[in-house]
1. Search the structure for amide H atoms under 5 Å from the amide H of A:Thr36, placed 1.01 Å from N in the peptide plane, and list their residues when 5 or more places away or on another chain.
2. Take the alpha carbon gyration tensor of the stretch A:147-210, find the square roots of its eigenvalues, order them as a ≥ b ≥ c, and report rounded if a/c is under 1.5; if not, report prolate when a/b exceeds b/c, else oblate.
3. Say a site is exposed when it is one of the GluC sites (Glu not before Pro), sits in a DSSP loop, and has at most 10 other Cβ atoms within 10 Å; what is then the longest site-free stretch of chain A?
4. Place a +1 charge on the Cβ of each Lys and Arg in the stretch A:164-214 and a -1 charge on the Cβ of each Asp and Glu, then give the dipole magnitude about the Cα centre in debye, rounded to the nearest 20.
5. In whole Hz and in residue order, list the ³J(HN,Hα) couplings for the stretch A:79-94 that follow from phi through the Karplus curve 6.51 cos²θ - 1.76 cosθ + 1.60, θ = phi - 60°; x for Gly and Pro.
6. Return the lysines within reach of A:Lys119: Cα separation strictly under 27 angstrom, same-chain partners fewer than 8 residues apart disregarded; answer none if there are no such residues.
7. So what is log10(I(q)/I(0)) for the stretch A:13-165 at q = 0.11 1/Å, when the Debye sum runs over its Cα atoms only?
8. What are the ³J(HN,Hα) values, in whole Hz, obtained from phi via the Karplus relation 6.51 cos²θ - 1.76 cosθ + 1.60 with θ = phi - 60°, for each residue of the stretch A:151-160 in sequence order, with x given for Gly and Pro?
Amino acid sequence: MGEIPQDIDPLSQDFYEQPTLELAKALLGCLLVKETEQGLAAGYIVETEAYIGPSDRAAHSYNNRRTARTEVMFQLSGLAYTYLMHTHCLFNVVSGGEEKPEAVLVRAIEPLYGIEVMKSRRGLDDLKSLTNGPGKLTKSLGITMEDYGSSLTLPPLYIANGIFPDSISVGKRIGIDNAGEAKDYPWRFWITDNKFVSRHQKAEFVIRSNKNPF
DNA sequence: AGCAAGATTAGCT
DNA sequence: GCTAATCTTGCTA
């Protein structure tokens, strides 16, 4: 198992200033890291979804709905938006800039560091099902509502450079059937063929890496 | 104060 | 594939 490097550099603020759909793709392959007393746990982001209020019916910030829960979506890009779904905590990256309530949901990661801690938090030994869903990865990494509003440019919760995906698949977002016309927007992104993706779905289209050898 | 809905998950058929 | 679990949020009264 890979040793944890001494320092993993958080990406800086300007990374989060790109348009939300670009950020959702740029996050793929990046390392999501959480440091706690139990140690460092991290994994590559392999699946994301964009939520672009106020016009996106699937977004919590639809119609500029501004409540205690959505408040952070109206703040600076690069903050953490965590919220509870049934019994689970889900993690988003705030984007769009101030007064533009947009965010990217992280739906799955590929475990890299701190795998024993993750297994222990999940009470599970199977690597494949450890972090292949938005509620699973937060539990594995120890992301909770205490992380609401914290900046991702600093520990304990941050994002760093990782790998560059060869291919990105694009499809409809998951679990938003009541969102009217927004349910069909192609705003879900995943690393093609990655086995830690939360659900299999036919891609509407595929984006190949610009590092094409030919 | 009451209530319906929810960006999910685990377990069972 | 289907359903229960479980509880907070936000809306209505």
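Please treat every number below as a calculation from the coordinates, not as lab data. It should be emphasised that the depicted structure is a prediction, and the values quoted were computed from it without experimental measurement. Neighbour counts run over all protein chains shown; Cβ positions are idealised from the backbone, glycine included.
1. Answer set, sorted by chain and number: A:Ala41.
2. oblate
3. The answer is A:100-214.
4. It works out to roughly 140 debye.
5. Karplus values, whole Hz, x for Gly and Pro: 8, 8, 10, 10, 8, 9, 10, 6, 9, 10, 9, 10, 10, 10, 9, 5.
6. A:Lys34, A:Lys128, A:Lys136, A:Lys139, A:Lys195
7. Treating every Cα as an identical point scatterer, log10 I(q)/I(0) equals -0.37.
8. Taking θ as phi minus 60°, the curve returns 7, 7, 8, 9, x, x, 10, 7, 10, 10 Hz for the stretch A:151-160.
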